[in-house]
Amino acid sequence: MARRRGRSCRRLVAARIIGGPLAPNIRGWAYFTPAAGGSWVSVRVSGLPEYMPATNSRPPIGPHGLHIHLYGTCAVGNPADPFLAAGEHWNPDNQLHGNHAGDLPVLFSNDGVAKMRVFTNRFRPNQVVGKSIIIHMYPDDYRTQPTGASGPRLACGVIKNYRICGNRISPKPPTSCC
């Protein structure tokens, strides 16, 4: 791709998050930005389900567990239990739950919208390319092994390299350069 005069391109590691059958209105992005000693993870999503307090038979719906999962697929599979093909939480250091590299803070919804930015020293952006990011129905308790009791998977995004040129974002072809 030829560069136009005055128009520069840059690389970005990101995931476009799309809701599955249990929460089809979820839409958003997660961005993974390099920082000294780690990465910034920034998430903005809309269409999250309304908060519902816990009952005797189920945890609260929201805040929502957020994790990086092992495989870069958002294949729905079983609509009643979607995105299982993404595998378990990404855990390259074989840590107990709550300390997986893929364990991120929960998302708090405000009228269906959540925005979050967090620093982690557990990975660099290029280490999560090819993984997925999943939003769960329930909050993570950061102790139940191995998943934190976060419940069904509501939305998914595959983490990829993107190219931003001007105000356009597109998947970065493996042989191109910004």
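If R0 is 30 Å, the Cβ-Cβ spacing of Glu50 and Arg143 corresponds to a FRET efficiency of close to 0.70.
Each peptide among 65-73, 100-108 gets the average number of other Cβ atoms lying within 10 Å of its residues, and from highest to lowest they stand as 65-73, 100-108. Stretching the chain fully between Phe108 and Arg27 yields a gain of 27.7 nm (0.36 nm per residue, less the alpha carbon separation). Across all Cα atoms of region 60-146, the radius of gyration (one decimal) and Dmax (whole number) stand at 13.0, 36 Å.
This model, with +1 at the C-beta of Lys and Arg and -1 at the C-beta of Asp and Glu, gives region 52-174 a dipole about its Cα centre of some 580 debye. Taken along its three principal axes, the alpha carbon spread of region 56-111 comes to 33, 27, 25 Å, from the longest extent down to the shortest. Region 60-84 and region 100-175 have Cα centres spaced 11 Å apart. Treating each Cα of the chain as one equal point scatterer and applying the Debye formula with no solvent, the log10 of I(q)/I(0) at q = 0.15 Å⁻¹ comes out as -0.83.
Largest GNM mean-square fluctuation across Gly20, Gly77, Gly98, computed for the chain with C-alpha springs under 10 Å, falls on Gly77.
What part of the accessible area of the chain, given as a whole %, is carbon or sulfur when the probe is 1.4 angstrom?
Working: 4930 of 9480 Å².
The computed percentage sits at 52.
The Cβ shell under 13 Å around Ser132 holds other residues with a net charge of +3, Lys and Arg each +1, Asp and Glu each -1.
Amide H to amide H distances under 5 Å link Trp90 with Ile68, His69, Leu70, Gly102, where only residues 5 or more positions off or on other chains count and H is placed in the peptide plane.
The values are calculated or read from the model by the stated rules, or taken from the named source; none is laboratory data. In this text, all values refer to a predicted model and were calculated from it rather than measured experimentally. Glycine gets a Cβ as well: all are built from the backbone with ideal geometry, and neighbour counts include every protein chain shown. With ligands, DNA and RNA removed, areas are computed over all heavy atoms of the protein, side chains included. Shrake-Rupley method; radii C 1.70, N 1.55, O 1.52, S 1.80 Å.
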